[in-house]
Amino acid sequence: MKIKYSTFEKIIERMESIISRPTLLLDVLKCKKNIAIMFEKAKRNKVRFRPHFKTHQSHEIGRWFRDLGIDAITVSSLSMAEYFANDDWNDITVAFPVNILEMETINRLAERIKLNLLVESDDVVNLLDKGLQHHVNAFIKIDIGNQRTGIRYNDFTHINTTLEAINTAYHITFKGFLSHAGHSYDSKSLIETGIIHYESIARLKKLKEIHFRQFPDLVLSTGDTPTCSLMEDFSAVDEIRPGNFVFFDLMQMRIGSCSVEQIAVAMACPIVAIHKERNEMIIYGGAVHFSKEHIEDPAMGILYGAVVEDQGEGWGDIIEGMYLKKISQEHGIVHVPGHLIDHYHVGDIIKIIPVHSCLTSHLMRTYLTTKNEVISRF
């Protein structure tokens with residue numbers, strides 16, 4: 001039997017000219033709209049908007065924030081701070097406990113920008129001050145319920161000893177109290193998110209009441225995408241630092257932080273095999289592309305992503321019952337409803353909303369916009 005070579009050539013040409021391997025797609029209009037919505041919310045509340053750039057990690061996307069007048073940002077590492085300092089961001093908070101082994105980088109940054117670091121003990125403050133050659137600001141990281149890092153919000157003795165160490169340090173100025181309500185990611189309802197939000201704000205506000213007389217300029221800084229997206233009142237704090245909202249993802253949609261129409265990224269993956277007998281397709285797209293972040297659905301089990309309608313340049317609604325059910329390093333197994341499996345063929349590209357866009361974008365390194373433009377990142 002002779003192969004119709006012209007047909008084969010067309011498939012190969014289509015795959016190579018558009019997408020031939022796992023690719024992270026970015027809808028620029030959705031992304032810019034997400035930024036504008038959060039910017040307006042901060043403005044209504046008269047709080048500083050210091051967005052977290054760890055999600056996009058891109059000079060170009062960062063400039064979309066700057067176009068709105070934003071001049072202060074948050075990052076999650078000193079190397080990321082250097083990356084954005086090289087694009088003229090001059091007020092940067094590193095929202096991760098300071099690593100004193102990176103003192104050379106800290107001094108290099110502190111010499112050129114306003115650098116805000118996180119501390120959570122007097123020992124760290126003293127070690128930091130000994131190694132500093134230039135001035136930095138320090139936030140005391142407060143654990144408001146997430147139980148990841150920070151001093152427990154009601155451990156006033158520990159907070160006071162840390163504050164005293166900052167106050168006597170030569171190179172360090174106390175900036176304020178910083179928190180992250182990461183436990184909001186476990187919320188199952190708007191009411192639950194609201195409880196976390198107002199409880200977290202009240203705990204920070206109490207600290208400000210205690211220390212305001214001595215430090216009238218202290219800043220209360222908070223930020224997580226669920227509360228910043230769903231709540232409206234931030235008047236009791238001074239700045240918000242959400243990050244994931246720039247793209248959103250399947251996890252945020254499940255929490256209720258966004259609609260599927262607001263999700264600004266999707267993975268495009270080639271179909272490499274189809275197993276009709278078990279209603280599954282194999283895609284080129286695994287843990288090294290999506291990460292192993294997952295959510296559990298009572299009906300479908302574990303999901304690593306949700307397949308969406310392909311609308312040419314972009315994507316549409318989630319296809320009911322079609323999801324990324326299992327991944328290994330490069331492989332992804334997609335469950336397909338029986339009545340849809342004949343619609344797909346080897347060589348087709350399917351689009352999948354990732355569970356956690358921060359991790360997926362970190363793994364993918366570049367974005368392909370829906371207008372076929374490449375955007376690089378850190």
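The values are calculated or read from the model by the stated rules, or taken from the named source; none is laboratory data. Everything numeric here is computed off the predicted structure, so don't read it as measured data. Methodologically, a virtual Cβ is constructed for each residue, glycine included, from the backbone with ideal geometry; neighbour enumeration extends over all protein chains shown. We work out accessible area using only protein heavy atoms, side chains counted, and drop any ligands, DNA or RNA first. Shrake-Rupley method; radii C 1.70, N 1.55, O 1.52, S 1.80 Å.
Answer yes if at least one residue in the range 312-322 is over 28 Å from Ser187 (Cα atoms), touching a Lys or Arg at 6+ places or on another chain (Cβ under 7 Å) and modelled with pLDDT of 95 or more, and no otherwise.
Among the residues of the range 312-322, not one is over 28 Å from Ser187 (Cα atoms), touching a Lys or Arg at 6+ places or on another chain (Cβ under 7 Å) and modelled with pLDDT of 95 or more, which makes the answer no.
Go through the range 326-341 residue by residue and tally those that are touching an Asp or Glu at 6+ places or on another chain (Cβ under 8 Å) and either open to solvent by less than 10 Å² (accessible area, probe 1.4 Å) or under 13 Å from Leu303 (Cα atoms) (or both).
Selection size over the range 326-341: 4.
So for the range 124-140 (the condition being of a type in the set (Phe, Trp, Tyr), under 15 Å from Ser221 (Cβ atoms), part of a strand (DSSP E or B) and under 27 Å from the mean Cα position of the chain (by Cα)), does at least one residue qualify?
yes
Any chance you could count how many residues in the range 42-56 are open to solvent by 10 Å² or more (accessible area, probe 1.4 Å) and in contact with a Phe, Trp or Tyr (Cβ under 8 Å, 6 or more places away or on another chain)?
4
Only one of Ile106, Ile113, Ile151, Ile144 is under 24 Å from Lys208 (Cβ atoms), surrounded by 15 or more Cβ atoms within 10 Å (Cβ to Cβ), among the hydrophobic types (A, V, I, L, M, F, W, C) and at pLDDT 95 or above. Can you tell me which?
Ile151
Among the residues of the range 188-218, how many are part of a helix (DSSP H, G or I), under 21 Å from Asn45 (Cα atoms) and either open to solvent by less than 70 Å² (accessible area, probe 1.4 Å) or charged (D, E, K, R) (or both)?
The total comes to 15.
Test each condition in (1) part of a helix (DSSP H, G or I); (2) open to solvent by less than 30 Å² (accessible area, probe 1.4 Å); (3) touching a Leu at 6+ places or on another chain (Cβ under 7 Å); (4) closer than 28 Å to Leu359 by Cα for Met80 and report the one that comes out false.
(3)
Against the definition (part of a loop (DSSP other than H, G, I, E, B) and within 20 Å of the chain's Cα centre (by Cα)), how does Trp64 come out, yes or no?
Taking the combined requirement at face value, the residue does not satisfy it.
Filter the range 349-372 for residues that are open to solvent by 40 Å² or more (accessible area, probe 1.4 Å) and either at pLDDT 95 or above or within 18 Å of Ser291 (Cα to Cα) (or both) and give the result.
Those that are open to solvent by 40 Å² or more (accessible area, probe 1.4 Å) and either at pLDDT 95 or above or within 18 Å of Ser291 (Cα to Cα) (or both): Leu359, His362, Leu363, Arg365, Thr366.
Can you find a residue that is closer than 23 Å to Phe49 by Cα, touching a residue at least 24 places away in the same chain (Cβ under 8 Å) and open to solvent by 40 Å² or more (accessible area, probe 1.4 Å) anywhere in the range 239-252?
No, because not a single residue in the range 239-252 is closer than 23 Å to Phe49 by Cα, touching a residue at least 24 places away in the same chain (Cβ under 8 Å) and open to solvent by 40 Å² or more (accessible area, probe 1.4 Å).
Given the conditions (1) buried (at least 20 other Cβ atoms within 10 Å of the Cβ); (2) of a type in the set (Gly, Ala, Ser); (3) more than 15 Å from Ile142 (Cα to Cα), and given that Ser235 satisfies all but one, which numbered condition is not satisfied?
Just one mismatch for Ser235, condition (1).
For the range 269-290, which positions are of a type in the set (Gly, Ala, Ser) and surrounded by fewer than 21 Cβ atoms within 10 Å (Cβ to Cβ)?
Matches in the range 269-290: Ala273, Ala287.
Could you grab me the full set of residues in the range 241-259 that are in contact with a strand residue (DSSP E or B) (Cβ under 8 Å, 6 or more places away or on another chain) and among the aliphatic types (A, V, I, L, M)?
Leu250, Met251, Met253
What's the number of the only condition in (1) in a loop (DSSP other than H, G, I, E, B); (2) over 19 Å from Lys208 (Cβ atoms); (3) in contact (Cβ under 8 Å) with a residue 60 or more places away in the chain that Tyr185 fails to meet?
(1)
List the pairs whose first member sits in the range 36-52 and is in contact (Cβ under 8 Å) with a residue 12 or more places away in the chain, whose second member is assigned to a helix (DSSP H, G or I) and open to solvent by 20 Å² or more (accessible area, probe 1.4 Å), and whose Cβ atoms are under 6 Å apart, counting only residues at least 6 apart or on separate chains?
Phe49/Phe39
Out of the residues in the range 253-267 that are closer than 17 Å to Lys30 by Cα and among the hydrophobic types (A, V, I, L, M, F, W, C), state the one that is most open to solvent (accessible area, probe 1.4 Å).
Restricting to residues being closer than 17 Å to Lys30 by Cα and among the hydrophobic types (A, V, I, L, M, F, W, C), the top hit is Met253.
Within the range 43-52, which residues are more than 13 Å from Ile73 (Cβ to Cβ) and in contact with an Asp or Glu (Cβ under 9 Å, 6 or more places away or on another chain)?
Those that are more than 13 Å from Ile73 (Cβ to Cβ) and in contact with an Asp or Glu (Cβ under 9 Å, 6 or more places away or on another chain): Arg44, Asn45, Val47.
Please determine whether any residue of the range 143-165 is free of Cβ contacts under 8 Å to residues at least 60 places away in the same chain, in a helix (DSSP H, G or I), closer than 16 Å to Arg241 by Cα and among the small types (Gly, Ala, Ser).
No, the range 143-165 has no match at all.
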